[in-house]
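Heads up: the structure comes next, in structure tokens.
The values are calculated or read from the model by the stated rules, or taken from the named source; none is laboratory data. Keep in mind it's a predicted model, so treat the numbers as computed, not measured. So basically every Cβ, Gly included, is an ideal-geometry build from the backbone, and we count neighbours across all protein chains shown.
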Amino acid sequence: MLRTSVLRLVGRTGASRLSVLEDFGPRHYSSGSLSARDDARDARAYFTTPIFYVNAAPHIGHLYSALLADALCRHRRLRGPSTAATRFSTGTDEHGLKIQQAAATAGLTPTELCDRVSEHFQQLFQEAGISCTDFIRTTEARHRVAVQHFWGVLKSRGLLYKGVYEGWYCASDECFLPEAKVTRQPGPLGDSFPVSLESGHPVSWTKEENYIFRLSQFREPLQRWLRSNPQAITPEPFHHVVLQWLDEELPDLSVSRRSSHLHWGIPVPGDDSQTIYVWLDALVNYLTVIGYPNAEFKSWWPATSHIIGKDILKFHAIYWPAFLLGAGMSPPQRICVHSHWTVCGQKMSKSLGNVVDPRTCLNRYTVDGFRYFLLRQGVPNWDCDYYDEKVVKLLNSELADALGGLLNRCTAKIINPSETYPAFCTTCFPSEPGLVGPSVRAQAEDYALVTSVATLPKQVADHYDNFQIYKALEAVSSCVRQTNGFVQRHAPWKLDWESPVDAPWLGTVLHVALECLRVFGTLLQPVTPSLADKLLSRLGVSASERNLGELYFLPRFYGHPCPFEGRRLGPETGLLFPRLDQSRTWLVKAHRT
Ligand code: MSP
């Protein structure tokens, strides 16, 4: 019966689903903006990570890129209407000089190296719960077809010509550099060698005849695209940076290398003496995944959110949209840019020996714990420093003590002997604040808590929409603290189930706290899927009651029936998140100056 009435209220379309949210929290939802967003939500969404180079094993920075995309995609799926409307791709970038050289150094064939390292990435992502729908390797035959077709389109539109490229090339970054972006670095024997100013990687002088893309033609179209889509690159400072780059001349771009120099790649169609530039090859992966060149790709393009690190912004925000415009296609809908993880204030690198292995971290801190840490601490706008004490402190305080403690306080047999979701008493907690009467027990702070948690799903959704997942987690964590304050204030352990005066209020305190926990568990699913499952299962929330469209907080307060009231809690499965031992040896000690 209850379910039917909820469904009747919810209706079948996104718009009516939101009217229920309004109904349940009329002060907290503005119908206009939510309806507009909900329409967008009904459309398809395609999330991508960069494809990862296979020259070295994955580190926590790579995992972070993938986790951001995973959390965005999981949040989108929770909003509905159906998982079939989302696609999420990741993969490995296997061609190019960098891989060719790494294989030679390792004494392997490029294929052996690619198979080995691509497998590492796949295992890591599986262990870390990356819910990708597609994993692409650029050495696959389907990708070669897509890249060569794309090349043919650019050629047929007159955008490729043959010319001599002379300048610096950085194999580590796989990019061409103007003189102004190169500096000299002292070598060990007092000599000096040229390096890229931005990355510090060595560069070498190259002069060869290549195919050149008419990038210079796209400066104005790119400016128009960015000016008319101020959300296209987020966070805003990165959008601004790209516009600044476009204030300067945009030289044409060499998009092939001599095959005698670079053989590990896709040959230029009709000219085996040239190999396609690895960035053109790599960027087309986003199309290969959705079926390009077959027409099916059109149902996913351009509904794309590319999640990328700041170091590859130019390739995604200038080259890629220019290639797409050149091929007669739309630029991607959105480019979400994140900053980097450093270790003790330094860039992570094999040569510095400070690379943090993500699999060790997942084992040590649990999958959910480490996912939570990276997404809670990683801020897209700024670099973030890693060290172990930070992880232990954060997880102990927010997951073990605050969230786990709250669950324990509301479900422990000593406080909740019937192990049920107790009834909410509207006379103890009337929906109008400020009422006085002998049975009114709720205080001003309790109303503030209800408002905070009622508005939390919308706040969290806005943070996801703005690519500020850390802020979504901060907001949840702040509400967890507020709920602990509520429980502490009313000390249910001092109330007596046997007393007719205490019992309705005791039930109400637990009911409100459990409702808060249900909201927290639902909202944490994209970041800590197993922990959220454990929490929601303990509360007795079924799989079909975990979507954001079904998230009606404290319906009894708003005069609606609550499907959970009187329901038995789920089985006890131990601590939600066991405290981590501070005394374990660190992988990376705190950096103190
Ligand atoms: N293969 C290219 C991407 C091609 S996409 C068409 C590439 N690969 S990468 O392996 O070097 O980097 C992949 C992603 O990991 C990038 O988004 C990059 O920013 C990210 N990270 C690499 N080091 C990082 C940190 N230290 N911290 C956070 N992310 C970092 O570039």
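Descriptive notes on the structure:
- Scanning the range 80-89 turns up at least one residue that is within 14 Å of the ligand (Cβ to nearest atom) and of a type outside the set (A, V, I, L, M).
- Only one of 418, 339, 351, 397 that is touching an Asp or Glu at 6+ places or on another chain (Cβ under 7 Å), over 30 Å from residue 156 (Cα atoms) and small (Gly, Ala, Ser): 339
- The lone criterion from (1) free of Cβ contacts under 8 Å to residues at least 40 places away in the same chain; (2) farther than 26 Å from residue 337 by Cα left unmet by residue 462 is number (2).
- Scanning the range 563-584 for residues that are on the phi > 0 side of the Ramachandran plot and not in a loop (DSSP other than H, G, I, E, B) turns up nothing.
- Residue match in the range 274-281 (condition: at negative phi, outside any loop (DSSP other than H, G, I, E, B) and either away from the ligand (no atom under 15 Å from the Cβ) or not assigned by the TED database to the domain that holds residue 68 (or both)): yes
- First in the range 546-575 and at pLDDT 95 or above, second anywhere and basic (Lys, Arg), Cβ under 7 Å, 6 or more apart: 562/556; 563/3; 565/556; 569/538; 570/538
- Qualifying residue in the range 218-225 (condition: assigned by the TED database to the domain that holds residue 138, touching a helix residue (DSSP H, G or I) at 6+ places or on another chain (Cβ under 8 Å), of a type in the set (Phe, Trp, Tyr) and more than 27 Å from residue 111 (Cα to Cα)): yes
- Residues within the range 183-222 that are within 18 Å of residue 254 (Cα to Cα) and of a type outside the set (Ser, Thr, Tyr), tallied: 13
- Close contacts from the range 123-146, counting a first residue that is buried (at least 17 other Cβ atoms within 10 Å of the Cβ) and a second that is acidic (Asp, Glu) and not in a helix (DSSP H, G or I), with Cβ to Cβ under 8 Å and a gap of 6+ residues or different chains, come to 137/94; 138/93; 138/94; 139/94.
- If only residues of the range 289-316 that are over 22 Å from the mean Cα position of the chain (by Cα) and in a helix (DSSP H, G or I) are counted, the one that is nearest to the ligand (Cβ to nearest atom) is 297.
- Selection within the range 520-542 - surrounded by fewer than 19 Cβ atoms within 10 Å (Cβ to Cβ) and touching an Asp or Glu at 6+ places or on another chain (Cβ under 9 Å): 529, 530
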